[in-house]
1. Is it fair to say residue 255 is within 27 Å of residue 207 (Cα to Cα) and touching a strand residue (DSSP E or B) at 6+ places or on another chain (Cβ under 7 Å)?
2. If the Cβ limit is 7 Å and pairs must be 6+ apart or interchain, which residue in region 79-93 that is touching a residue at least 40 places away in the same chain (Cβ under 8 Å) and at negative phi pairs with which residue that is within 7 Å of the ligand (Cβ to nearest atom) and assigned to a helix (DSSP H, G or I)?
3. For region 223-232, which positions are touching a helix residue (DSSP H, G or I) at 6+ places or on another chain (Cβ under 7 Å) and either farther than 20 Å from residue 88 by Cβ or within 14 Å of the ligand (Cβ to nearest atom) (or both)?
4. Taking the residues in region 68-86 that are touching a strand residue (DSSP E or B) at 6+ places or on another chain (Cβ under 8 Å), part of a loop (DSSP other than H, G, I, E, B) and near the ligand (Cβ under 6 Å from one of its atoms) as candidates, determine which candidate is nearest to residue 284 (Cα to Cα).
5. Can you name every residue in region 33-50 that is surrounded by 15 or more Cβ atoms within 10 Å (Cβ to Cβ) and either in a helix (DSSP H, G or I) or within 16 Å of the ligand (Cβ to nearest atom) (or both)?
6. Looking at region 301-308, can you tell me whether even one residue there is exposed (fewer than 13 other Cβ atoms within 10 Å of the Cβ), more than 15 Å from the ligand (Cβ to nearest atom) and free of Cβ contacts under 8 Å to residues at least 12 places away in the same chain?
7. So, in region 166-190, how many residues would count as being buried (at least 19 other Cβ atoms within 10 Å of the Cβ) and farther than 20 Å from residue 133 by Cβ?
8. Just the residues that are in contact (Cβ under 8 Å) with a residue 24 or more places away in the chain and away from the ligand (no atom under 15 Å from the Cβ), please, taken from region 245-261.
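The values are calculated or read from the model by the stated rules, or taken from the named source; none is laboratory data. The shown structure was predicted, so the numbers you read here are calculated from the model rather than taken from an experiment. Cβ atoms come from the backbone with ideal geometry, glycine included; neighbour counts cover every protein chain shown.
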Ligand code: ADP
């Protein structure tokens, strides 16, 4: 009798503990061994997780990767051909020349020009460990681009939004960027899928730079780029006016080929900072086609000095932003 009375509650208690089926046990053990740094797409234990768990895992993985990048900056333009990629490359190269660790993410899936502009178009992206290594341009500057994945540079990439989103997600989450001071993201012109994907995936992009040329049609589209950046909650760091006048190669007289001053006027009207202007320099095209960032030219020039100054404006803007974030965190903690 005594033995039965003592045994009964024990049995009841045991029955109340949810029992794991052998299959569930296996799944849980697999999850425990799950490697956070690995993408679910390439994980052999992936079948053990629900789609919600996979989503959470991928988010945590991306956040972990991005936590190693101090400043994420988008370079945008309202229309093509205004020199947006040229500005992105030279801004990034200027920062790298000042000993910052810099990456360029070429988010222009359909027209990836960054590898060509950096002279690395024949260097493929190589797998390393659980990810892919970005291609090194020179000390402190590395890039990732669709152009480094495509076998045939003449082949058009015909992808809709979800595929482009996936590619950008890989560029952020599966690339071994390491610790970066700056990630400069070169976006395609306009206000399409790519900036939306970037803003959605990175969540706290530190700022956008809008590149424009001075004529009215370009300015009209740049205004849209400013309002779009605000719409996706990316602070506008400022407007750069490119192709802003040129010096006549014969007499040195200034020629305002596309007018000047429109960028500054638009910045004033839109209430954003004006970061400065870059003149037209025929050498820019030559160096760009030769795959040499302009700022690596040993010869001194107005354009080179301008890029270095612009990069310093960006550093200052980032410092200000870091200060603002720190004071918000501080006042939140004091509440
Ligand atoms: P986007 O990215 O806006 O389409 P790119 O950066 O590809 O424009 O530039 C288009 C062309 O204009 C390139 O050949 C580039 O070398 C040239 N370019 C850009 N800025 C200047 C400039 N300030 N002076 C001379 N050529 C320039």
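1. Taking the combined requirement at face value, the residue does not satisfy it.
2. What qualifies is 86/284; 86/288.
3. 223
4. Restricting attention to region 68-86, the residues satisfying the condition of being touching a strand residue (DSSP E or B) at 6+ places or on another chain (Cβ under 8 Å) are 68-78, 82-86.
Those left that are additionally part of a loop (DSSP other than H, G, I, E, B): 68, 78, 82-83.
Narrowing further to those that are near the ligand (Cβ under 6 Å from one of its atoms): 82-83.
Details: 82: 13, 83: 10 Å.
Residue satisfying both the conditions and the ranking: 83.
5. 40, 46, 48
6. The answer is no, given that none of the residues of region 301-308 is exposed (fewer than 13 other Cβ atoms within 10 Å of the Cβ), more than 15 Å from the ligand (Cβ to nearest atom) and free of Cβ contacts under 8 Å to residues at least 12 places away in the same chain.
7. Qualifying residue count for the region: 3.
8. Residue satisfying the conditions is 261 alone.
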